[in-house]
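**Student:** I am attaching a structure below and will ask some questions about it afterwards.
The values are calculated or read from the model by the stated rules, or taken from the named source; none is laboratory data. On a predicted model such as this, the values are computed, not experimentally measured, just so you know. Cβ: placed from backbone, ideal geometry, glycine included. Neighbour counts: every protein chain shown.
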Amino acid sequence: MKKSIILLSALLVAMVFTASAADFSGNWKLNKSKSKLGEQFSMAPSILIAAQSGNDLNLEKHISFQDQEMTTKEKYTLDGKESINPGFQDSQKKSTAVWSGDKNSLTITSKIPMGDNDMTTVEVYKIVDGNLVIDSKMSSSFGENNETMVFDKQ
């Protein structure tokens, strides 16, 4: 009996340490009724296509802003090292992606130069009840914008 308890305990510990990270891969559509978007404006993508493999996360975002359609493509490494993607008007968006301790959420922190000021965004990605949820906080000299975006898998 003692050996069984020890073996079971060892298996549980091994499972905790080898737990796989959340996988955000898929085609996702914004669910506006479940989301909490900014009142003044929102940069929430209507469609988000995520491809996650090994240490890489590729995101394709389809955004409609002020009657203009935009598509952005971003690539992040999932090891906390800096990733550089296109920002606004030929700027560079510098980001780091860091897993939570339990690997159930991923926080992407980005800085984007905007003239004399920088904009900082912090996005926390997680899967909740089969939905992709992104809690986003943008801050700059213009103020702050907080959103919770909920996406349904397509």
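**Student:** Here are Val150, Val124: which of them is touching an Asp or Glu at 6+ places or on another chain (Cβ under 7 Å) and either without any contact (Cβ under 8 Å) to a residue 60 or more places away in the chain or not in a loop (DSSP other than H, G, I, E, B) (or both)?
**Tutor:** It is Val124.
**Student:** For segment 70-120, what are the residues that are over 27 Å from Phe142 (Cβ atoms), loosely packed, with under 13 Cβ neighbours inside 10 Å and either in contact (Cβ under 8 Å) with a residue 60 or more places away in the chain or among the polar types (S, T, N, Q) (or both)?
**Tutor:** The answer is Asp102, Lys103.
**Student:** Out of the residues in segment 114-139 that are touching a strand residue (DSSP E or B) at 6+ places or on another chain (Cβ under 6 Å) and charged (D, E, K, R), state the one that is modelled with the lowest pLDDT.
**Tutor:** Checking each candidate, the answer is Asp118.
**Student:** Is it the case, given these coordinates, that Ser141 is within 24 Å of Ser46 (Cα to Cα) and of a type in the set (Ser, Thr, Tyr)?
**Tutor:** So Ser141 fails the test.
**Student:** Mind listing just one residue for me: the one in segment 134-154 that is β-branched (Val, Ile, Thr) and more than 22 Å from Asn85 (Cα to Cα) and, of those, surrounded by the fewest Cβ atoms within 10 Å (Cβ to Cβ)?
**Tutor:** Thr148
**Student:** If you don't mind, another one. Could you check how many residues of segment 70-79 are in contact with a strand residue (DSSP E or B) (Cβ under 7 Å, 6 or more places away or on another chain) and either basic (Lys, Arg) or outside any strand (DSSP E or B) (or both)?
**Tutor:** 3
**Student:** Another one. Can you pull out every residue in segment 80-113 that is modelled with pLDDT of 95 or more, on the phi < 0 side of the Ramachandran plot and not in a strand (DSSP E or B)?
**Tutor:** Those that are modelled with pLDDT of 95 or more, on the phi < 0 side of the Ramachandran plot and not in a strand (DSSP E or B): Lys81, Glu82, Ser100, Gly101, Asp102, Asn104.
**Student:** Still on this structure, please answer the following. Anything in segment 35-69 that is in a strand (DSSP E or B), within 19 Å of Ser136 (Cα to Cα) and not hydrophobic (A, V, I, L, M, F, W, C)? List them, or say none.
**Tutor:** Lys36, Asn58, Glu60, Lys61, His62, Ser64
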